[in-house]
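Here's a structure for you.
The values are calculated or read from the model by the stated rules, or taken from the named source; none is laboratory data. It should be emphasised that the depicted structure is a prediction, and the values quoted were computed from it without experimental measurement. Every residue, glycine as well, gets a Cβ built from its backbone with ideal geometry; the counts of neighbours run over all protein chains shown.
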Amino acid sequence: MATVLWIDNQSGCKGVCDRVPQAMTKELQHPTLCKGGECYDEIMLHQLDERIQALPAERRAKGVVVVMHQMGSHGPAYYKRVPDAFKKFQPECKSNALQECTREQVVNSFDNTILYTDHFLGQAIQWLKKAEASSAPAMLYVSDHGESLGENNLYLHGLPYRVAPDVQKRVPWITWWSPQFEKQMGLSRTCLHNKVQTPLTHDHYFHSVLGLVNVSTEVYQAKLDVHADCRNKS
């Protein structure tokens, strides 16, 4: 079975990563990626090769799954999540008391976090591409929740699911894989493209990851694996 490396740039893994190698970025110091007691998400890519090389060789030989727990767009202090170079939307809210800002400022601050997340994912993909010569890399990204930004005077997230607005519940799911991974897993891009509008939930994520890393377990449900019926198709 592949080895797992958990890298956390959030408040911790709530016990999920207790039994695997892990790195908590709050313990790190970096001249440009960390300040004010927290780090920007790019810190998770810093020295990543060295972290992987430090894993047991016999486990690495079977593959490596890197889990990155991102700070992302967590509020209310959206302005703290983004380096100055990515604060393109102005004016921004520079307070964690959102009531002190206009809705335009709150939305701008949130949009800056989306811009930075886009950059972070792009950097992650570039790192994966460098590994294509010796492996078959892939990436699966899903947000855990959305945010209310003042619509109907609601902010942040956490309302009960049955009454929460769609902006708190509808989130992006982004998949990238190398040509080697596509061939190795017998995946069809055309098949997946045809499923872009198919509704998914977080329930699909667990089973889709199991399928992509070839984990055999009785809890796996193919009907919840978004890739299952797109394997071994031309």
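Across region 113-142, what is the total count of residues that are among the aliphatic types (A, V, I, L, M) and under 19 Å from residue 185 (Cβ atoms)?
9
Go through region 55-76 and report how many residues are over 14 Å from residue 117 (Cα atoms), of a type in the set (A, V, I, L, M, F, W, C) and touching a residue at least 24 places away in the same chain (Cβ under 8 Å).
So the answer is 5.
Shifting gears a bit: Can you name every residue in region 206-231 that is out of contact with any helix residue (DSSP H, G or I) (no Cβ under 9 Å at 6 or more places or on another chain) and either among the polar types (S, T, N, Q) or in contact (Cβ under 8 Å) with a residue 24 or more places away in the chain (or both)?
Taking region 206-231 as the starting set, the residues that turn out to be out of contact with any helix residue (DSSP H, G or I) (no Cβ under 9 Å at 6 or more places or on another chain) are 209-210, 213, 218.
Once the filter is applied, which keeps residues that are out of contact with any helix residue (DSSP H, G or I) (no Cβ under 9 Å at 6 or more places or on another chain) and either among the polar types (S, T, N, Q) or in contact (Cβ under 8 Å) with a residue 24 or more places away in the chain (or both), region 206-231 yields 209, 213.
Somewhere in region 15-36, is a residue touching a helix residue (DSSP H, G or I) at 6+ places or on another chain (Cβ under 7 Å), more than 30 Å from residue 134 (Cβ to Cβ), surrounded by 16 or more Cβ atoms within 10 Å (Cβ to Cβ) and touching a residue at least 40 places away in the same chain (Cβ under 8 Å)?
Pass one, region 15-36, residues touching a helix residue (DSSP H, G or I) at 6+ places or on another chain (Cβ under 7 Å): 23, 25, 28, 30, 33-34, 36.
Remaining after also requiring more than 30 Å from residue 134 (Cβ to Cβ): 34, 36.
Narrowing the set further to residues that are surrounded by 16 or more Cβ atoms within 10 Å (Cβ to Cβ) leaves 34.
Then keep just the ones that are touching a residue at least 40 places away in the same chain (Cβ under 8 Å); that gives none.
So far as region 15-36 goes, no, none of its residues is touching a helix residue (DSSP H, G or I) at 6+ places or on another chain (Cβ under 7 Å), more than 30 Å from residue 134 (Cβ to Cβ), surrounded by 16 or more Cβ atoms within 10 Å (Cβ to Cβ) and touching a residue at least 40 places away in the same chain (Cβ under 8 Å).
I'm trying to understand the selection: among the residues of region 17-39, which are within 16 Å of the chain's Cα centre (by Cα) and either assigned to a loop (DSSP other than H, G, I, E, B) or at pLDDT below 90 (or both)?
17
What's the total number of residues in region 74-97 that are closer than 25 Å to residue 121 by Cβ, of a type in the set (D, E, K, R) and surrounded by fewer than 16 Cβ atoms within 10 Å (Cβ to Cβ)?
Summing the residues that are closer than 25 Å to residue 121 by Cβ, of a type in the set (D, E, K, R) and surrounded by fewer than 16 Cβ atoms within 10 Å (Cβ to Cβ) in region 74-97 gives 2.
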